[in-house]
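All remarks here apply to the structure that follows.
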């Protein structure tokens, strides 16, 4: 092999490397501007997305203030009622008869609540909630609730004499305490009350189940707070109970 032949591969490699470098420079000249353009576009899109997210999630303070519920605190007395054994009762009678039964029951309670100037809050199934002391001030709210509870009991006993095969066995619970009251802004919700006082009143009504004795039509319990507010302290024996969902015990007495 001659020296000229030995030099030819080196020249070919040099020419190949030169061509490759030229191609790379050409590609870089095309690709780099594209990359810079794409990166700039990506940054702009990212900033736009961030701005959209901030505008969607961060409402102006004035808008939030307008939508916030207007609440105030006050002391009220709540009344809860429930029909004991209603589920098994409803199983034995037709749906139409069940509806008529509930309608009659709700009316008699609503009438007694209205007679004492109370607010009939709602009924769910066979449970009713009412309260006194809101939305308008009623200094004697506990006394009104006390009278309404006894009037309901008397009406239930009178109804049972008429109903015959569908007697009502009712539980009642009274409790007095601090609540927040106002309109939370939900469509159709209107004025409502919120707080531990409401939950405790319902738990007291549920506790009344354990106080039933043979022959009882109605059992009503009241907390020590309701008794004091109604001016009835010392009229019934208080017993201490730990209600479901509460860490501290509460004193209640059977009033009916």
Subset of segment 139-148 [closer than 12 Å to residue 176 by Cβ and not in a helix (DSSP H, G or I)]
140
Qualifying positions in segment 231-247 - under 29 Å from the mean Cα position of the chain (by Cα), surrounded by 14 or more Cβ atoms within 10 Å (Cβ to Cβ) and in contact (Cβ under 8 Å) with a residue 40 or more places away in the chain
243
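Yes/no matrix, rows are residues, columns are (1) part of a helix (DSSP H, G or I); (2) surrounded by fewer than 17 Cβ atoms within 10 Å (Cβ to Cβ); (3) in contact with a helix residue (DSSP H, G or I) (Cβ under 6 Å, 6 or more places away or on another chain):
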site: 91; (1), (2), (3): yes, yes, no
site: 98; (1), (2), (3): yes, no, yes
site: 102; (1), (2), (3): yes, yes, no
site: 107; (1), (2), (3): yes, yes, no
site: 120; (1), (2), (3): no, no, yes
site: 130; (1), (2), (3): no, no, yes
site: 134; (1), (2), (3): no, no, no
site: 137; (1), (2), (3): no, yes, no
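Of the residues that sit in segment 149-164 and are within 17 Å of residue 254 (Cβ to Cβ) and in contact (Cβ under 8 Å) with a residue 40 or more places away in the chain, which one is farthest from the chain's Cα centre (by Cα)? Break it down into steps so the answer makes sense when it comes.
To start, the set of residues in segment 149-164 that are within 17 Å of residue 254 (Cβ to Cβ) comprises 149-150, 152-154, 156-157.
After this cut, where a residue has to be in contact (Cβ under 8 Å) with a residue 40 or more places away in the chain as well, the list is 149-150, 152-153, 156-157.
Values: 149: 26, 150: 30, 152: 28, 153: 30, 156: 31, 157: 34 Å.
So, considering only residues that are within 17 Å of residue 254 (Cβ to Cβ) and in contact (Cβ under 8 Å) with a residue 40 or more places away in the chain, the one farthest from the chain's Cα centre (by Cα) is 157.
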If you check residue 126 against the conditions, is it crowded, with 21+ Cβ neighbours inside 10 Å, modelled with pLDDT under 95 and in contact with a strand residue (DSSP E or B) (Cβ under 7 Å, 6 or more places away or on another chain)?
yes
For residue 151, only one of the following conditions fails: (1) assigned to a helix (DSSP H, G or I); (2) closer than 20 Å to residue 181 by Cβ. What is its number?
(2)
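The values are calculated or read from the model by the stated rules, or taken from the named source; none is laboratory data. It should be emphasised that the depicted structure is a prediction, and the values quoted were computed from it without experimental measurement. Counting neighbours? That spans all protein chains shown, and the Cβs are built from the backbone with ideal geometry, glycine included.
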